[in-house]
Amino acid sequence: MTDMESHRAGQDTIETPGAGKGQIRRGGEAPGSRGRTTIADGVVEKITGMAARDVAGVHAMGSGMSRTFGAVRDRVPGGTKSGVTRGVKAEVGEKQTALDLEIVVEYGVSIADVARDVRENVVAAVERMTGLEVVEVNIAVSDVKLPDEEDEEPEPRIK
């Protein structure tokens, strides 16, 4: 950069080491580090719910009662909580998050293996998508789905 170009760019313009040729940064910081990003609990809960459901052996999320009420709530226009977040609670801080999940597993699967796989999948998804450190994933297995059991969700009134 010539002295004339530096003068035209202004006093607050600096060329930083590591910046590519012709890349000038204003304010002394990389543009990506200016400002603050906050992530709502609900965002982390949705990511967690989707990641947990992707694991083989997970039949449903939440307790039987919460699934029943959730199915009714999903049919009501303006229902508050998404079915994706059912059975998931997240506590989100500035750099870390802690997660509580309630799941129903399929009969015949190893609960320990399913819980391990859920933890691994959830941690990978949340950390990759949010940049938050997942400090813990607590899993409560509230039920086992037997092969001959029907789902507890009520039948739709209209088809």
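No value in this document is a laboratory result; all are computed from the given coordinates. From a predicted model like this one, the values you see are computed outputs, not experimental measurements. No Cβ is skipped: glycine too gets one built from the backbone with ideal geometry, and neighbour counts run over all protein chains shown.
Can you list residues from other chains, or at least 5 along the same chain, whose modelled amide H is less than 5 Å from the amide H of Val141?
Sorted by chain and number, the residues that satisfy this are Ile103.
On a C-alpha basis, how far is the centre of region 29-61 from the centre of region 85-123 in Å? Whole number, if you could?
If we compute the Cα centre of each part, the gap is 12 Å.
Would you please give the FRET efficiency between Ala30 and Glu91, computed as 1/(1 + (r/R0)^6) with r the Cβ-Cβ distance and R0 = 41 Å, to the nearest 0.05?
0.85
Using θ = phi - 60° and the Karplus form 6.51 cos²θ - 1.76 cosθ + 1.60, what ³J(HN,Hα) does each residue of region 36-48 get, whole Hz, x for Gly and Pro?
9, 10, 10, 10, 6, 3, x, 5, 5, 5, 5, 4, 4
So what are the ³J(HN,Hα) numbers for region 107-117, from phi and the Karplus equation (6.51, -1.76, 1.60; θ = phi - 60°), rounded to whole Hz, Gly and Pro as x?
Whole-Hz 3J(HN,Hα) from phi for region 107-117: 5, x, 8, 6, 4, 4, 5, 5, 4, 4, 5.
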